[in-house]
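Worksheet: one structure, shown below.
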Amino acid sequence: ALKEEAMSLHQEVTSLERKLETSEEQRKDVLHERDRLQALKEKLVWEIKLLQESVTASETRANTATDMNHSLEHELQTTLSVLKMKTEEVEMQWEKIQALEKERS
């Protein structure tokens, strides 16, 4: 009877040792997966930071381009106004020349 009990206990110990080994392997796998996911998270955080910096730089370039566009538009309007005034001056001079030529004739 003691021999059977000892044998039963030995089998139970062997079974528990296998369960412990399996649990340890699962724990190692879980820790490895956690480390892998942590590394992946850090990589994604870094990529997000780079993308945010890229967006900021693009917004800055877009704002600069918009400002330059407004400046060029203003400069063009000013040039157009000056051109209109010069055209009017030329037309007045031309009318004076024609009037003087009529007077001579």
Go through segment 59-99 and report how many residues are under 29 Å from the mean Cα position of the chain (by Cα) and β-branched (V, I, T).
3
Filter pass, Q26 being modelled with pLDDT of 95 or more, assigned to a helix (DSSP H, G or I), open to solvent by 100 Å² or more (accessible area, probe 1.4 Å) and not charged (D, E, K, R)
yes
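The values are calculated or read from the model by the stated rules, or taken from the named source; none is laboratory data. Just so you know, these numbers come straight off a predicted model, no measurement behind them. The accessibility values were calculated without ligands, DNA or RNA, using every heavy atom of the protein model including side chains. Shrake-Rupley method; radii C 1.70, N 1.55, O 1.52, S 1.80 Å.
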